[in-house]
1. Would you check if TYR353 is surrounded by 14 or more Cβ atoms within 10 Å (Cβ to Cβ) and among the hydroxyl-bearing types (Ser, Thr, Tyr)?
2. Have a look at ARG157, ARG165 and point out the one that is at pLDDT below 90, outside any strand (DSSP E or B) and under 30 Å from CYS341 (Cα atoms).
3. How many of the residues in region 330-341 are within 23 Å of CYS89 (Cα to Cα) and either surrounded by fewer than 18 Cβ atoms within 10 Å (Cβ to Cβ) or among the charged types (D, E, K, R) (or both)?
4. THR285 is checked against (1) farther than 18 Å from PRO181 by Cα; (2) surrounded by 14 or more Cβ atoms within 10 Å (Cβ to Cβ); (3) hydroxyl-bearing (Ser, Thr, Tyr); (4) out of contact with any Asp or Glu (no Cβ under 7 Å at 6 or more places or on another chain) and fails just one. What number does that condition carry?
5. Return yes or no: is LEU306 of a type in the set (A, V, I, L, M), closer than 21 Å to ILE249 by Cβ, assigned by TED's automatic domain parsing to the domain that holds HIS250 and assigned to a helix (DSSP H, G or I)?
6. Counting only residues that are in a helix (DSSP H, G or I) and among the polar types (S, T, N, Q), how many does region 337-353 have?
7. What are the pairs with Cβ atoms under 7 angstrom where one residue, in region 298-311, is within 15 Å of ARG185 (Cα to Cα) and at pLDDT 95 or above and the other, located anywhere, is of a type in the set (Lys, Arg) and surrounded by 13 or more Cβ atoms within 10 Å (Cβ to Cβ)? Sequence gap at least six, or different chains.
8. Kindly indicate whether ASP280 is under 24 Å from the mean Cα position of the chain (by Cα) and closer than 30 Å to ILE143 by Cα.
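The values are calculated or read from the model by the stated rules, or taken from the named source; none is laboratory data. Just so you know, these numbers come straight off a predicted model, no measurement behind them. Note that we place each Cβ from the backbone using ideal geometry, even for glycine, and neighbour counts take in every protein chain shown.
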Amino acid sequence: MASSPSFSGLRAILIVTLVLAGAIVLLLMYYTPLLSAICRPPPVYSRWQLKRSNSSAVTDKPVVLLWFWPEKKSFDLQDCKKLFNIDSCHLTDDRSMYSRAEAVLIFHRAISDDLSNLPTSPRPRFQRWIWFNMDPPTNTRKIEGIQGLFNLTLSYRKDADIHIRWKLTAKKKPAEDFVLPKKERLLCWIVDNNDVNTTAVGKYSYYKELIKYIKVDVLYNSSAESFKGEDYFQMISSCKFFLSFEDSIHKDYITETFSGPLAVGTVPIVLGPPRHNYEDFVPGTSFIHVNDFPDAVKLADLIIRLDEDNEAYMQYFNWRRFYTVTRHLTEENYEFALPICQACHYVHMNKEYRAVPDLYKWFL
């Protein structure tokens, strides 16, 4: 039986439709990879990335917020580049940037006993709080409630996350023999005169015993202005030996009273942690330790002998052929510049998030 004209027409339309649909499917299969390669979808950003990209003040550098100025000693935060060639984060003291800061630097001595001056806004999950303390345990006030608040530690301690010290730098090749600065004094000390007259034990009692056998030039007293900048270093360099006595004796607590003389060509005589602790940071032949002698008279005898034997004295500077030591900053407003700038460098280089479960158990 022959097909009707209407049925034949419908079949033709169906065939054409199927052919066109197949052709469209083939075209889509062919062109989709090409289009996806040319027209990539926009990247997906986290809320944190969007916050940073929408701020004209923040670049791709991590934001480090200085919550307190230590002892209100402020400086231009751009000076990190000038002083230490550190320009790896966006340092700020603007608390309105708290929510976008990858790290908040909190100076221990400025924390109130009731913690009321700490950040009150919820801490972003990506943010790290840095405990900033350059004091030894005997001068560190115990504040209840902060033991588990911090993720990183910044301290003079060698085992701190951010370890602060004026370090020796190895030279690329051995240098010529060290030229000794002109010496006008044998043995010197910089100290407040009121403290010299105290009855306290420790460095003052040792000083009082030592001056029975040898003269000590006290270079600073309560009525004089403290030495700053080049005057400070020139004064120390004019001495053959310098009493680098620390206020407290604790592990790794070795301050600028030691590195200053070392930097300018004066032999430090140290009273502080044990000799092996000093040797963690400097050659053992660069200084004299009071613990190496049974009493002060034996130390005085050695100083007098070295004053008469220049060849033996110069042995204390052999290390300078291989190392240099940077002078610390003596300007008052720069007292805490190194740790602040070093925190900036650390946050840029280290992205790990961790917690300090018990701050005092570690430090005290």
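1. Working: surrounded by 14 or more Cβ atoms within 10 Å (Cβ to Cβ): no; among the hydroxyl-bearing types (Ser, Thr, Tyr): yes.
No: the conditions fail for TYR353.
2. Working: ARG157 fails: at pLDDT below 90.
On inspection, the qualifying residue turns out to be ARG165.
3. Quick first cut of region 330-341, residues within 23 Å of CYS89 (Cα to Cα) only: 333-341.
Subsequent filtering for residues that are either surrounded by fewer than 18 Cβ atoms within 10 Å (Cβ to Cβ) or among the charged types (D, E, K, R) (or both) retains 333-335.
Selection size over region 330-341: 3.
4. Condition (2) is where THR285 drops out.
5. On the way: of a type in the set (A, V, I, L, M): yes; closer than 21 Å to ILE249 by Cβ: no; assigned by TED's automatic domain parsing to the domain that holds HIS250: yes; assigned to a helix (DSSP H, G or I): yes.
When the stated conditions are applied, LEU306 does not pass them.
6. Residues of region 337-353 that are in a helix (DSSP H, G or I), as a first pass: 337-349.
Cutting the leftovers down to among the polar types (S, T, N, Q) gives us 342.
Selection size over region 337-353: 1.
7. ASP307/LYS240
8. For ASP280, the condition - under 24 Å from the mean Cα position of the chain (by Cα) and closer than 30 Å to ILE143 by Cα - is not met.
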